[in-house]
1. Express in nm, to one decimal, how much length is gained between residue 36 and residue 53 on full extension, taking 0.36 nm for each residue of separation and deducting their alpha carbon distance.
2. Two decimals, Cα atoms only, Kirkwood Rh: what is Rg/Rh over the chain?
3. With charges set only on the Cβ (+1 for Lys and Arg, -1 for Asp and Glu), what does the dipole of the chain come to about its Cα centre, in debye to the nearest 20?
4. How far is helix 5-19 tilted off the main Cα axis of the chain, in degrees rounded to 10, range 0 to 90?
5. Could you tell me the calculated FRET efficiency between residue 71 and residue 43, based on Cβ-Cβ distance and R0 = 25 angstrom, to the nearest 0.05?
6. Would you look at the GNM of the chain, springs on alpha carbons closer than 10 Å, and say which of 45, 31, 65 moves the most?
7. Quick one: Karplus J couplings for segment 65-78, per residue in order, coefficients 6.51, -1.76, 1.60, θ = phi - 60°, nearest Hz, x for Gly and Pro?
8. Charges on Cβ only, +1 for Lys and Arg, -1 for Asp and Glu, centred on the Cα centroid of the chain; of 23, 54, 37, which one is farthest towards the dipole's positive end?
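Any read-out appearing in this document is the output of simple, stated calculations on the displayed coordinates, not a laboratory observation. Remember, predicted model here, so these are calculated numbers, not experimental data. So basically every Cβ, Gly included, is an ideal-geometry build from the backbone, and we count neighbours across all protein chains shown.
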Amino acid sequence: MAWPDEDIELALHWQAEKRMTCTECGHHLDESTSKDGQRLYQAAEITCHACAVIDWRRKALSDQEVDMGGLRVYATKRS
């Protein structure tokens with residue numbers, strides 16, 4: 001099944017945008033790497049409590065020397 005021309009154009013535009021976006025911070029490289037952009041940004045922190053509990057559990061298991069091969073740790077909401 002062939003893609004419609006409009007979908008091809010949208011996919012190519014998406015690829016071009018993705019190439020111009022920093023994979024680490026998500027900001028547009030034209031702005032974030034320009035000399036004028038040097039003072040536009042500041043660092044901030046947030047805590048994802050779901051990730052925090054996953055990190056805590058991984059550390060606890062590692063401290064107990066549990067084999068971590070293939071182990072997936074995930075968070076669920078308490079009811």
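1. Difference between extended and current length: 2.2 nm.
2. We get a ratio of 1.19 for the chain.
3. 600 debye
4. Roughly 60 degrees between the two axes.
5. Efficiency, rounded to the nearest 0.05: 0.20.
6. In this elastic network of the chain, the residue with the biggest mean-square fluctuation among 45, 31, 65 is 65.
7. Per residue, the Karplus-derived 3J(HN,Hα) values read 6, 6, 5, 8, x, x, 6, 10, 10, 9, 9, 10, 6, 6 Hz.
8. 54
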